[in-house]
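Data first, discussion second: the structure below is written as structure tokens.
Every number in this text was worked out from the coordinates using simple rules, so none of it is lab data. Computed from a predicted structure; not experimentally measured. All Cβ positions, glycine included, derive from the backbone under ideal geometry; neighbour counts span all protein chains shown.
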Amino acid sequence: MLKVDNVSGGYGKESIVKAVTFTVNKGEVLGILGPNGSGKSTLLKIISGILPKETGSVTIDGQDASTYSQKEFAKKVAVLPQLHAHAFSHTVRETVELGRYPHQSGLFSSWSDEDERAVTNAINSMSISRYADNSIELLSGGEQQRVFVAQALAQEAPILLLDEPTNHLDIAHQQQLLDTIRQQAIDKGLTVISVFHDINLASLYCDRLLLMDKGKIARIGVPQDVVKEEAIQSVYGARIKSQPHPELPKPQITLLPDTKEEIKPFTVVKEDFSIASDFVALRTKYPLKTISSAVHNAGTGWYRSFVNRHVDVDYNVDDVKAENTSYLEQQGFHLTDTVGMMTAVTTEHTEVEEYTGDFGTILIAVTAGVGNAVDVSLALTRDQKPRVGTINTWVIVNGQLPDEAFIQAMITATEAKTKALQMESITDPLTGTIATGTSTDSLLVAATQQGEFLPYAGPITPLGKLIGHGVYDCTVRAIRAYKKAKGWTI
Amino acid sequence: MSKSSVAYIVSAAALLVAVWLGVSIGSVKIPISTLWNAGADATATNILWKIRMPRVVLAGLVGASLAISGAAFQGLLKNPLADPYTLGVSSGASVGAVMTLFFGISIPFLGIYTLPVFSMVGAALTMFFVLGFARLVDRAMRMETIILTGIIFGSFLGSVLSLMIALTGEELRQIIGWLLGSVSMRGWSYITMILPFVVVGSFMLWMNRRELNAMLFGEERAHHLGVNVKRRKFTILIGGSILTGSAVAVSGTIGFVGLVVPHMTRLLWGSDHRHLLTLSFMNGATLLIICDLIARTIISPTELPVGVITAFIGAPVFAFIFYKQRRKGGM
């Protein structure tokens, strides 16, 4: 559809774009990324014929672009301009009608039904018919941009070039605009090439990305291959982290600012735990990076209050989350800062212990109610509802953990818990076999992300060893306390 | 009825009224029926056909030329302050005219037409120098380059004018009178002289009405919409210069019409050049015919230079329309 072959060029003598080659297929959306001055806008201007090229060729539909007349070119390629002010104002409809310019010929060329249809369609697809007769200068920036998209659509060119189309737009308008363009690409098979400033938007809306560096192509490919930490860091010179989008298989980046000095070194100690009559709480000076299966604020995040709340055995509420949220609020916890679990075990049976390794210390807190223990290997045949009887395990690490270490820590902690159940001969009352856990166990791993870097937390790593030992130790003690409270024979 | 049809009807009616008033009113009142009444008074017929009518037609052509080229230049240069004189072409025309007066040049076979012919030559030379220099400086001929080149040439030629005025003796009154602008006592021959230029120049601009619409969004945008910007720009500049040069050559530098008529037209009927050019043409003619009528009747028998009246009448009218429109929130 559109082929750029060995194109160099730019303003003046020195070429800004150097020997760039790529192809864009029909219906594809290609995003051009790159730092300021990397030549991305220049490349677009060369493709659209605004700037001359020194070498190479641009081929559109198998024909050299420079052989098209200006009007023929405009029938093939529409360009969405960046917003700018103008001296005299047209109405919205007049502006969109200008998009039909390349389709008109002759001195008295009259307005055809085809022209009218294209303009009406363009106006409708951008939902701007409401102000078709208004002057465009009376519209907001977002509305104006939609008018110009409609103008480009009225051109009915199979290729659309955009230069930072979301400049000056708020996020709602950014989304609206890019959704529409994406939809047009799907509906009409439009080929879209767009320069983006925002890497995340480009990743979300483009099929492929082209990363430019000093006038050359640094990388080209699907977003997963281009939005990579090392590529972005080396081209932009900014520290970033790449993470998957929560809903789509597209990478998103986050800046890593150099503001660590704002958080003074701190460690979590056993004294930070407080035990009240109906909850155990840990309050830390700064937020900990946390992953958990808690009731309140499950998942990953940064939190500084951790609550394990005691509820009665017959606690039975329809909306557990809402009830728990209002409880935490009443107790004075800052909701966005707090992770909350629940247990039927009374707070005095909480086991909290600090363990010291070569790298530093970890803290383990366990409450174990094993009245409803389950052997997970035989759980397939069960059909009862989960009942109260929970082992809640917290692992707090004074150290820096990468994502994989968090997951390994969870595995290690779970294995240690299961071993504790086995050693304490806790059985699944239904099957009579040794239980592996209970039906509603919860686990939390949190780290200060300071001090020693701990790359792994498998069972024979320094951290893993400590977690394994600590969780086993605390769980056994918690089970014994539970048994004692229930009057079971040990 | 669409807004544009209303615009054309109103403008045409105004022009007809202006022509009617222009030929009827004066030291001798002449009924409009003299135009077609063969049995009318011979003196009246004479005054009408030999004096009033050519004067009205010439005023109309000059006003129309200045207004349409003003509209095109404002659109092309995207500058509301642009007018037909921005390019400096009028200064060239003035230098040519003043030179004939200053040196008392009279080419035998040209006779009284020496001045307008010299003036047109001055305008043409200036146009080629301005456009050639602008192209030399900047091959892309950006609007800023054109405006600056116009200013450079305009001020240079202006100083040549001032020099001649400073050194002149008894021709001073004649020179100043010409510079202030007038359409009196020109006769039909002046009309036949400028008519071809008015037709060609106006046609060149009108041919580019859609392109002017596109160029209001900037040259880059126009390029993307499929306009051959370079060629179209050249056509518009040359067309406008032809109109301006010929208008100045026959009537002197009449101000205000080229600047303000396009604005008034835009305020009233919108800035779509498909209509703006033609409507400005009509309204420019109307305004100058009315102004000329006032110029020759207000302190009759003394005639004022029409250039004095255009701004005197035009400015308050413009102020009124401007006020009305802004209060309405339009424009």
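Table for the structure above
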item	result
Distance from region A:256-325 to region A:148-176 (C-alpha centre basis), Å	45 Å
Only Lys, Arg (+1) and Asp, Glu (-1) charged, at Cβ; chain B dipole about Cα centre in debye	940 debye
Built amide H within the under 5 Å cut-off of A:Asp163, gap 5+	A:Leu80, A:Val195
Virtual spin-label span in nm between B:Phe109 and B:Ala42, 7 Å along Cα→Cβ	3.6 nm
Average beta-carbon neighbours from other chains, 10 Å sphere, peptide B:204-214	2
Relative exposure of A:Trp111, B:Trp20, judged by other C-beta atoms within 10 Å (fewest first)	A:Trp111, B:Trp20
Amide proton proximity set for A:Ile240, modelled H, under 5 Å, gap of 5+	A:Leu256
Antiparallel DSSP beta bridges within chain A, percent to nearest 5	65 percent
³J(HN,Hα), Karplus 6.51/-1.76/1.60, whole Hz, each residue of region B:218-225, x for Gly, Pro	x, 5, 5, 4, 4, 4, 5, 7
Nearest-20 debye value, chain A charge dipole, Cβ charges on Lys, Arg, Asp, Glu	780 debye
Under-5 Å amide H pairs with A:Gly301, H placed in peptide plane, nonlocal only	A:Thr290
Label-point separation, B:Phe203 to A:Glu247 (7 Å along Cα→Cβ), nm	6.1 nm
Which of A:Thr59, A:His349, A:Val295, positive extreme of dipole for chain A (C-beta unit charges)	A:Thr59
Global form of region B:201-331, assessed from the alpha-carbon gyration tensor, a/c cut-off 1.5	oblate
Sequence ranges A:309-320, B:217-228, ranked by mean other-Cβ count within 10 angstrom, highest first	B:217-228, A:309-320
Among B:Gly239, B:Ala295, B:Gly255 - extreme Cα towards positive end, dipole of chain B, charges at beta-carbon	B:Gly239
Among B:Ser27, B:Asn208, B:Leu180 the positive-end extreme of the charge dipole of region B:3-328 (Cβ point charges)	B:Asn208
Using alpha-carbon coordinates, inclination of helix A:171-188 to the longest axis of chain A, degrees	60 degrees
Alpha-carbon centroids, region A:375-442 and region A:185-222: separation in whole Å	46 Å
Pairwise label distance in nanometres, A:Lys483 with B:Ser189, each label 7 Å out on the Cα-Cβ vector	13.1 nm
Relative counts (whole %) of C-alpha pair distances in the protein assembly as shown, using bins that are 10 Å wide	2, 11, 15, 14, 12, 11, 10, 8, 6, 5, 4, 2, 1, 0, 0
Least to most buried among A:Val366, B:Val19, A:Val20 (fewest other Cβ within 10 Å first)	B:Val19, A:Val20, A:Val366
Exposure proxy ranking, count of Cβ atoms within 10 Å, fewest first, for A:Ser110, B:Ser246, A:Ser439	A:Ser110, A:Ser439, B:Ser246
Region B:57-68 - phi-based ³J(HN,Hα) in whole Hz, Karplus 6.51/-1.76/1.60, Gly and Pro as x	5, 5, 4, x, 5, 5, x, 5, 4, 5, 5, 5
Cβ-placed point charges (K, R +1; D, E -1), dipole of the protein assembly as shown about Cα centre in debye, nearest 20	2900 debye
FRET efficiency, A:Tyr286 to A:His334 (Cβ-Cβ, R0 22 Å, nearest 0.05)	0.95
Neighbouring partner chain Cβ atoms per residue of A:70-79, average, 10 Å criterion	4
DSSP-assigned coil residues among GluC sites (Glu not before Pro) in region B:127-208, each with at most 13 further Cβ atoms within 10 Å	B:Glu170
Greater than 21 Å apart at Cα, pairs in A:Lys285/A:Lys321; A:Lys18/A:Lys40; A:Lys45/A:Lys75; A:Lys26/A:Lys76; B:Lys78/B:Lys230	A:Lys285/A:Lys321
Rounded to whole Hz, the Karplus (6.51, -1.76, 1.60) HN-Hα couplings of region B:230-244, x for glycine and proline	4, 5, 5, 4, 4, 4, 5, 4, 5, x, x, 5, 4, 5, 5
16 Å reach of a label modelled at B:Glu303, 7 Å along Cα-to-Cβ, counting backbone N of region B:61-97	B:61-63
Trypsin sites (Lys or Arg not before Pro) lying in DSSP loop within region A:227-308, provided at most 13 other Cβ fall within 10 Å	A:Arg239
For B:262-272, mean number of other protein chain Cβ atoms within 10 Å	2
Net lengthening on full extension, A:Ser110/A:Ser57 (0.36 nm per residue, minus Cα-Cα)	15.5 nm
Pairwise centroid distance, computed over Cα atoms, of region B:75-140 with region A:1-66, Å	43 Å
Summed side-chain charge close to A:Leu211 - residues other than A:Leu211 whose Cβ falls under 11 Å, Lys, Arg +1, Asp, Glu -1	+3
